[in-house]
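I have placed the structure first, in the form of structure tokens, so that the comments after it can refer back to it.
Bear in mind these aren't lab numbers, they're just calculated from the coordinates by the rules spelled out. On a predicted model such as this, the values are computed, not experimentally measured, just so you know. Cβ: placed from backbone, ideal geometry, glycine included. Neighbour counts: every protein chain shown.
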Amino acid sequence: MSQSHDDNKTSKGLSRRKFLKGFGLTSIGVAAAGGGILGGVIPDGTTNGTLVGPGTTSITLNVNGKNYTINVEPRTTLVEALRDHLHLTGTKTGCDRGACGACTVIVGGQTLASCLTLAIDVAGLPIQTIEGLESNGQLHPVQQAFINADALQCGFCTPGLIMSCKNLLDHKNNPTMDDIKTATSGNLCRCGTYPKVFEAVLNAKKA
Ligand code: FES
Ligand code: FES
């Protein structure tokens, strides 16, 4: 027997139409192709089941240890929030569809493709971007190792690669070459700097 849309309720009493309309409160994650980067939902309870949108909503992002309160549409991706709202342009947009890794950031200890992550889904969680790595004027050891190994050419992929390598070393202080290749497999470098990147990580782990 067919049901009308209004009768077609979810277990929480929302009609299918309202559920789909409020879909902006969460995102569907798609893992970056073959990579160590995850794209997707990190439930933080910020929206607490409340439907938001289609207009702007106020959220607070914790980026590199500072809180920023901004008004965004629910469809705003994390990379858009970082670049267009916070003017943190170190995180790059390459493909804007989870394929290149240029937009990699670290959220709650895991790498995410920020082009696949809605800003509202990571409100309140610790977000680290390339701008947050240096400390008191000192580059992070991974950044310095990239320079020492000459591990960049045009540099467009470099912030994303550094975030993937930094996150690897945060979790494993003595990674193997296989670990390094797996961690960076979601980061595409058109200039082909991979051998130098691997060398940089092997040097950074000593530091
Ligand atoms: S994976 Fe996000 S811009 Fe390419
Ligand atoms: S250094 Fe140019 S794309 Fe990687």
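In what order do 134, 80 fall by count of nearby beta-carbon atoms within 10 Å, going from fewest to most?
Ascending Cβ contact count within 10 Å gives the list 134, 80.
Measuring from the lowest to the highest alpha carbon on each principal axis, how far does the range 141-206 reach, largest first, in angstroms?
That gives 28, 23, 17 Å along the principal axes, largest extent first.
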